[in-house]
Amino acid sequence: MDRVKKNKLMSMVGLILARHRWVLISPLLFYLFLFFVLPLSRGLWVSLWDPEFTLKNYAHFFTEPVYVMVIINSFKIASTVTIISLVLAYPYAYLLSSVSDDTASKLLLFVILPFWVSLLVRNYSWMILLGRHGVFNTILMNLGLMSKPVKFLYCTTGVNIGMVHIMLPYMILSLFSVMKGIDRNLMKAAQSLGANRFHTFIRVFLPLSLPGIAGGCLIVFIMSIGFFITPALLGGAKDVMIAQLIEKNVSLMLKWGFAFAAAFVLLALSIVILTVYNRFLGLDRLMGGADD
C-alpha cells in the first residue's frame, strides 16, 4: 500500500515538473543572468556611451593598424596551436581507442594530470626549460647539435610550445570521445574485402573520426584566441594577443570603454566562428553527436 502511495506521489511530482519545466531551469537562468547577461550588458553600455552614444571605441579599434595586427596575430597563433595540437593528439587518441579499457584508463591519467597543476606554474616551468641556459638548450649544446643557445623564449616558438602543452588534453579528449564509439568491425570488414590497413584507416576510420577532429579544433581554436598568461610570459613584443591588449587598456591606460569594445570584438569573432561551424558541420557534432 505504501508503495502504491509512493508511486502516485512520484507521478504527481513528475506531472507538475513536466507542466512547469521552467522550475527546473530557473536556477540556471538566474545564474546566467547574474554572472553573464548583467556583466555583458554593463560592458556593452560602457563601450557605447561616453557619456553619449558613440562608436568611437569600435572605430578606433578597426582603424588603428596595430590593433588589426593584434587580431591577425591572435588568429595566426590560435591556428598554429590548433594544427600542432591535432597532429600530436590524433595518434595518442587513436592509441587510447585501440587498447583495452584498463590500459586506456592508465594512459588517460597522463592526459588529465596537467589539469591538476596550476596554469601559472606550468608556464613558469616552460620558462625554465626554454630559457637561454635552460634544460633544452643545455641538452642541445652538450650533444653538439647547436653551437649557441637557440631562442625558444620570448618569441612565437615559446608561445606555441606553451599553448600546445595546455590545449593538447582538450584535443585528445575530444578525439577520444569520438574514436571510442567507432565500431572496429567496420575496419575488419574493409580488410576482409581486400583493403590494407592504410586504406582502411583513410577510407573508414578517418572519415568516422571527423566529428572529433572538428570538435577538438573548434574548442582549441576558440580557447586559444583568448589566451593571456602564456603569451604574456613566453612571448615577445610581436606576440601580443587580444587578451593582452584588453588587459593593458584596463590596468595601464584605464581606457575601460576601448577595453570593453575590444572584448566585444573578441566575443563577436567567437560567435562568427561558432555560426560558421554550425552552418557547415552542426554544433550537435561538437562532441561526436549523431547526425539527425
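Each reported figure results from applying straightforward, stated rules to the coordinates on display, with no laboratory input. Nothing here was measured: the structure is a model prediction, and the numbers come from that model. All Cβ positions, glycine included, derive from the backbone under ideal geometry; neighbour counts span all protein chains shown.
Backbone phi angles across region 263-268, fed through the Karplus curve with coefficients 6.51, -1.76 and 1.60 (θ = phi - 60°), yield HN-Hα couplings of 5, 6, 5, 4, 5, 5 Hz in residue order; Gly and Pro are listed as x. Overall size of the chain from C-alpha positions, given as principal axis extents largest first: 77, 64, 38 Å.
Plainly put, region 64-145 has a radius of gyration that is 1.10 times its Kirkwood radius, both from alpha-carbon atoms, as the Rg/Rh ratio.
Working note: Karplus 6.51/-1.76/1.60 with θ = phi - 60° gives region 237-254 the couplings 5, 8, 10, 5, 10, 5, 5, 5, 4, 5, 4, 5, 5, 7, 8, 9, 9, 6 Hz, where Gly and Pro are set to x.
The length gained on full extension between MET253 and ASN278, counted as 0.36 nm times the residue separation minus their Cα-Cα distance, comes to 5.2 nm.
Peptides 173-184, 257-268, ordered by how many other C-beta atoms sit within 10 Å of their residues on average, highest first, read 257-268, 173-184.
What you get for the chain, charging only the Cβ of Lys and Arg (+1) and of Asp and Glu (-1), is a dipole of about 500 debye around the Cα centre.
Spatial offset of region 92-160 relative to region 224-283 amounts to 25 Å, using the alpha carbon center of each. Computed from backbone phi, the HN-Hα couplings of region 181-189 come to x, 6, 6, 5, 5, 5, 5, 5, 5 Hz, rounded to whole numbers (Karplus: 6.51 cos²θ - 1.76 cosθ + 1.60, θ = phi - 60°; Gly and Pro given as x).
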